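Student: Attaching a single structure in structure tokens format; questions to follow.
The values are calculated or read from the model by the stated rules, or taken from the named source; none is laboratory data. Quantities reported herein were computed from a predicted structural model and do not represent experimental measurements. Using ideal geometry, Cβ is built from the backbone for each residue, glycine included, and neighbour counts are taken over all protein chains shown. Please note that ligands, DNA and RNA were not included when accessible areas were found on the heavy atoms of the full protein model with its side chains. Shrake-Rupley method; radii C 1.70, N 1.55, O 1.52, S 1.80 Å.
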Amino acid sequence: VITDVESGTEETTDTSQEVTIEEQVLYDGNNIKITATGMEDGLFGTELKLLLENNSDKSITVQARNANVNGFMVSTMMSVDIAAGKKANDSLTFETSGLKDCGIESIATMEFFFHIFDTESWDTVVDTDVITIETSIASTYTQAVDDSGEVLVEEGGVKIVGKGLSADDSFWGPGVILYIENNSEKDVTVQVRDVSVNGFMVDSSMSTDVVAGKKAMSAVQFFSTDLEENAITDITDVEFYFHIFDLESWDTIFDSDVIAISF
């Protein structure tokens with residue numbers, strides 16, 4: 001797990017302060033209304049409580065996309081089915097593990113959009129505009145940002161920093177921890193290609209979406225089976241290159257040079 005978040009920006013909030021939101025309508029259109037009614041801690045993370053009303057003549061499914069908290073992309077859980085003419089109380093969960101890895105101790109702002117589609121046909125009903133919710137600490141909380149490490153890429157408004165190897169027992173598994181900053185005007189996806197460890201080609205899982213103006217923590221993860229098959233017990237050097245493309249169109253934005261990292 002990523003620890004010791006340090007930054008030149010100071011965190012000014014009292015983290016013991018209860019964080020709340022005002023009840024507010026997030027979307028009202030297509031005979032569908034979604035209202036945020038509150039926040040609470042849940043089993044898997046912080047839950048944004050929602051009242052969803054489907055006054056249309058179709059069964060719908062509501063999901064969230066491109067969620068970020070305090071400017072960091074975070075993982076969420078939510079998929080709600082609502083029959084025609086019915087209501088549902090449900091929640092959008094911001095997962096604790098993702099918040100912790102980004103160094104987020106309290107939620108000041110939440111951003112996302114709703115992807116609403118026909119439950120039967122999967123046809124899109126609407127992708128809402130980006131929704132921003134400010135909590136009760138939004139005006140007093142400054143999110144700490146740790147961008148220290150080895151700058152691996154700085155091109156086209158995209159900055160990627162290597163922050164060393166993750167611990168063997170970390171959430172990420174064995175791999176290279178990354179800080180990603182997207183200061184471009186495009187929403188991007190960052191992936192890796194041609195990954196090798198200690199000179200051996202290995203499979204790697206990494207695909208991180210970062211919308212314009214936001215940040216992310218991610219990792220180039222290595223599968224333990226690949227390391228074992230190549231008798232790799234200590235990772236001494238890693239090579240790969242980044243493939244960065246437009247999140248919506250999938251058009252390539254750029255491929256980085258091959259990056260070599262030694263440990």
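Student: Quickly work out the residue 246-to-residue 105 label distance, labels modelled 7 Å from Cα along the C-beta direction, and quote it in nm with one decimal.
Tutor: 4.1 nm
Student: How would you rank 55-68, 92-105, highest first, on the average number of other Cβ atoms within 10 Å across their residues?
Tutor: Details: 55-68: 18.1, 92-105: 20.3.
In descending order of packing, they fall as 92-105, 55-68.
Student: Here's a follow-up. Among (1) 13.7; (2) 14.4; (3) 15.3, find the value of mean projected area of the Cα convex hull in nm² that was calculated from the structure presented, and write down its label.
Tutor: (3)
Student: I need the peptides 247-253, 47-53 ranked by packing, meaning the mean over residues of other C-beta atoms within 10 angstrom, with the highest value on top. Let's see the in-between values first.
Tutor: On the way: 247-253: 12.0, 47-53: 19.7.
Highest mean packing first, the order is 47-53, 247-253.
Student: Tell me the relative contact order for the stretch 112-263 as a rounded percent, counting alpha carbon contacts under 8 Å between residues six or more apart.
Tutor: Relative CO of the stretch 112-263 lands at 17 percent.
Student: Another question about this same structure. Which whole-number percentage describes the relative contact order of the stretch 27-132, with Cα contacts under 8 Å and a sequence gap of 6 or more? Write down the numbers at each step before the final one.
Tutor: Numbers: 237 pairs, mean separation 28.8, N = 106.
Taking the mean separation of contacting Cα pairs over the length of the stretch 27-132, I get 27 percent.
Student: Which ³J(HN,Hα) values in Hz, rounded to whole numbers, follow from the phi angles of the stretch 152-160 under the Karplus curve 6.51 cos²θ - 1.76 cosθ + 1.60, where θ = phi - 60° and Gly and Pro get x?
Tutor: 9, 9, 8, 8, x, x, 9, 10, 10
Student: Using only alpha carbon pairs under 8 Å that are at least six residues apart, calculate the relative contact order of the chain and give it in whole percent.
Tutor: The normalised contact order for the chain reaches 15 percent.
Student: Continuing with this model, one more query. Give me the percent of accessible area attributable to carbon and sulfur for the stretch 208-263, probe 1.4 angstrom.
Tutor: On the way: 1310 of 2950 Å².
About 45 percent, which is the carbon plus sulfur part of the accessible surface.
Student: Quick check: pseudo-label points 7 Å beyond the Cα along Cα→Cβ at residue 123 and residue 41, how many nm apart are they?
Tutor: Placing both labels 7 Å beyond Cα along the Cβ direction yields 4.5 nm.
Student: Beta carbons within 10 angstrom, averaged per residue: use that to sort the peptides 212-224, 192-204, 20-32, highest first.
Tutor: 212-224, 192-204, 20-32
Student: For the chain, with a Gaussian network of springs between Cα atoms less than 10 Å apart, report the residue from 131, 180, 160 with the top mean-square fluctuation.
Tutor: Among 131, 180, 160, the largest GNM mean-square fluctuation belongs to 131.
Student: Could I ask something else about it? Using the crude model of +1 on Lys and Arg Cβ and -1 on Asp and Glu Cβ, and no other charge, please compute the dipole size for the chain relative to its Cα centre, in debye to 20.
Tutor: The calculated dipole for the chain is roughly 580 debye.
Student: Once Lys and Arg get +1 and Asp and Glu get -1 on their Cβ, which of 202, 178, 112 lies farthest toward the positive end of the dipole of the chain?
Tutor: 112
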